[in-house]
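Taking it in order: structure first as structure tokens, then the write-up.
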Amino acid sequence: MTTNWTENSWRNFPIKQQPAYENLAELKKVEATLAAYPALVSFDEVEKLKSELALVAKGEAFLLQGGDCAESFTEFSHDNLKNFFRTVMQMTIALMYGLNKPIVKVGRIAGQYAKPRSDDNETINGVTLPSYRGDIINGIEFEKNSRVPDPKRLIESYFYSAASLNYLRSLALGGYGNLQKVNKWNEEFAHSLNSKKNTEEVIAKVNEILNFMKACGLDSKLLPQLTTASFFTSHEALLLNYEEALTRQNKDSKKFYDLSAHMLWIGDRTRNPEEAHVEFMRGISNPMAFKVGPSISKDDLLKLLDVLNPDNEAGRITLIARMGAGKVEQYLPSLVEAVKQSGKTVVWSCDPMHGNTIKSSNGYKTRKFDDILSEIKTFFQIHRAAGTYAGGVHFEMTGQNVTECLGGNQQISEINLSDRYHTHCDPRLNSSQSVELAFMIAQDLQKEITSC
Ligand code: PEP
Ligand code: CO
């Protein structure tokens, strides 16, 4: 049992990246309201994800985690959710075929509303206002009123998350992502490609399987294994007022769970072992991750594993490496080796987004498809050399046809960025770039993966 921990013990620790709420009485009221609301996910679902991640830790499954950098209320729509889910399913089939393993699907969705920022304030044309910190905290519009942190936004985020989850569950369980449909979408996607070399084999093989089943008299549309999908949610546990309010105790096991999502992670800027975010997370029983960037020391990494997973429970910890294509070779191998030597069970996942953000010559925050691919490749090579398992990928992505990242088959260039640049924070891979990457991993990188 976790000693000296309560749902609110984090409040006694130093904390970074928090809004300065003006109306604390209102915040308290909102927290009490949320604490009485139904949880968004269940204890059993959370444990199910943990057991699936335990398989990933053993090298028997692969983790696909992805979604918006920052979800926003304005991008909340039927089509956006459906297109996101469709894109994840297209990626899943490619990865499943190429890696020959089940794919554990976790969205950065239904709660990814709070953002850490590099500056507390933003200045435009001599006017300085508090930075936008995500829709759960304040508005993105550069106006004084909109930037004031508003506690009511916690309640709004809860309802947006609940509605998103409701529709995602229905898509996952209702047959929208059945194998036949997904293979059709991949066929359509393949038509748009200049080179079909990565996609042809997967699509043809899945069609062969479906035809064979039909010849055997099996209707793939009636088989739950081929029509339903398990899908989990995750977000950065940054705004701890929200996370605490959605924490519930399982009366049987006496364990606490943060039921705002199945999985939570601690960001690269808030993972200090002596601070509030780590304090909160050590007491909850969800599967959790923390970001591993170039600034982490070996000692802190091992300390975090001790504090967050003292019993070395498989599936509890995912390490999300986010080094950057130019740095991964330098920083990652010694950390992988240190974790290996420590005997700690972890999932190693690669976030090839956050170390590869650049500014385009026309002023857009962007990322190059080739840098993203390069970091993934190096990540897989490092694990192969170490005899450890490269267990997953973590993308900022959307099902929309945005123009936020450069390159890929569509050859998005700097002049295209302004066409459909909609992100509220970091640039996302669009649907085509996301599926393309999944096929590349499935075809080119699978040989780099070694089960341990
Ligand atoms: C993120 O995942 O959106 C993020 C802010 O990442 P990091 O903590 O790695 O910078
Ligand atoms: Co981001």
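Laid out as a table, the results:
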item	result
Part-to-part distance (alpha-carbon centres) for region 223-241 and region 55-87, which is given in Å	8
Extension gain, K82 back to E122 (0.36 nm per residue minus Cα-Cα distance, nm)	11.0 nm
Carbon + sulfur, % of accessible area of the chain - ligands and nucleic acids excluded, 1.4 Å	50
Volume per residue of the C-alpha convex hull in region 63-121, rounded to whole Å³	94
Per residue convex hull volume, Cα atoms of region 133-273, in Å³	216
Heavy-atom surface of the chain, accessible at 1.4 Å and reported per residue (Å²)	41
Trypsin sites (Lys or Arg not before Pro) lying in DSSP loop within region 18-110, provided at most 16 other Cβ fall within 10 Å	K58
Cβ-derived FRET efficiency at R0 45 Å, E143 paired with Q381, nearest 0.05	0.40
Förster radius 35 Å - calculated FRET efficiency between C216 and N409, Cβ distance, rounded to 0.05	0.45
Cβ crowding within 10 Å averaged over residues, with 121-130, 324-333, 358-367 ranked highest first	324-333, 358-367, 121-130
At R0 = 22 Å, FRET efficiency that the Cβ-Cβ distance of K48 and K254 yields, to 0.05	0.65
Square roots of 5 times each gyration tensor eigenvalue, C-alpha, region 1-113, largest first, Å	33, 22, 13
Mean shadow area of region 115-169, taken as a quarter of the surface of its Cα convex hull (nm²)	4.4
For the chain, alpha-carbon Rg over 2.2 N^0.38 Å	0.95
Value of D in µm² per second that Stokes-Einstein yields for region 361-405, Kirkwood Rh from Cα pairs, at 10 °C (1.306 mPa s)	125
Accessible area (Å², 1.4 Å probe, nearest 10) - Y97	70
Model label zone, K58; criterion: amide N under 20 Å from point 7 Å along Cα-to-beta-carbon; scope region 309-325	311-319
Antiparallel content of DSSP bridges confined to the chain, in %, to 5	20
Long-range HN-HN contacts of Q112 with modeled amide H, under 5 Å	E71
Euclidean distance of C-alpha centroids, region 1-22 and region 403-444, integer Å	37
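The values are calculated or read from the model by the stated rules, or taken from the named source; none is laboratory data. None of the values given here were measured: they were computed from a predicted structure. Neighbour counts are summed over all protein chains in view; Cβ atoms, including those assigned to glycine, are modelled from backbone coordinates with ideal geometry. These accessible areas exclude ligands, DNA and RNA; they are computed on the full protein's heavy atoms, side chains included. Shrake-Rupley method; radii C 1.70, N 1.55, O 1.52, S 1.80 Å.
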